[in-house]
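The values are calculated or read from the model by the stated rules, or taken from the named source; none is laboratory data. Here the structure is a predicted model, which means the values were calculated and not measured. Positions of Cβ are generated from backbone atoms using ideal geometry, with glycine treated the same way; all protein chains shown enter the neighbour counts.
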Amino acid sequence: MKRRAFLLSSAAVGATSCGYHVAGKADLMPKEIRSIGIPPFSNPTTRYRLTERLPIAITREFLARTKYQILPDANGADAVLQGSIGMIMAFPTVFDPTSGRAAGVQVQTILAVTLTQAVSNKVLYTNPALDFRQRYEISTDPQAYFDESTSAFERLSRDVATSVVTAILENF
């Protein structure tokens, strides 16, 4: 019985000292960072949906996963996450065989994000070419038409937020 207890405690100590950690749980940010400002993303494209949604989605992701105070701009923040949308394209992927109209669309966006420490202006994280895609369907019946592009942009925003916050926290 004593030997069994010893083996179990040895295994527990060995497992905790192996150096592995659960992905998404590490926080490799400098300890002096307590607040992050997330101003609106710049967007030279004619599509506005992501400009509104991305800062909100990233804010929600930070709040759900960290204890950082999130601010809507750079004023008073210890670090600032700036982003810019470089491109948004939507193109048909599926066509209705009877009408020849598009029945499925894929949205692709390429964006850049940079997290900078406010005091030192040191870049903590940057990725100049994040590429995200999302698909949605278009009803071929005009009477039953429901615009699913809004839902696609919501999903795309959540995907971007999850990826960006994970990359920042894991310091990749």
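General remarks:
- Qualifying residue in the stretch 108-127 (condition: at positive phi, at pLDDT below 90 and assigned to a loop (DSSP other than H, G, I, E, B)): no
- Scanning the stretch 78-94 for residues that are touching a Lys or Arg at 6+ places or on another chain (Cβ under 7 Å) and part of a strand (DSSP E or B), we see that the one that is farthest from residue 47 (Cα to Cα) is 93.
- Answer from 114, 109 - the residue that is closer than 16 Å to residue 29 by Cα, under 20 Å from the mean Cα position of the chain (by Cα) and without any contact (Cβ under 8 Å) to a residue 60 or more places away in the chain: 114
- The selection criterion, being under 25 Å from residue 38 (Cβ atoms), hydroxyl-bearing (Ser, Thr, Tyr) and surrounded by fewer than 16 Cβ atoms within 10 Å (Cβ to Cβ), holds for residue 151.
- So residue 169, is it part of a strand (DSSP E or B) and either polar (S, T, N, Q) or under 28 Å from residue 33 (Cα atoms) (or both): no
- Pair list, Cβ < 8 Å and 6+ apart or interchain, from the stretch 65-77 residues that are within 20 Å of residue 41 (Cα to Cα) to residues that are surrounded by fewer than 16 Cβ atoms within 10 Å (Cβ to Cβ) and basic (Lys, Arg): 68/34; 69/34
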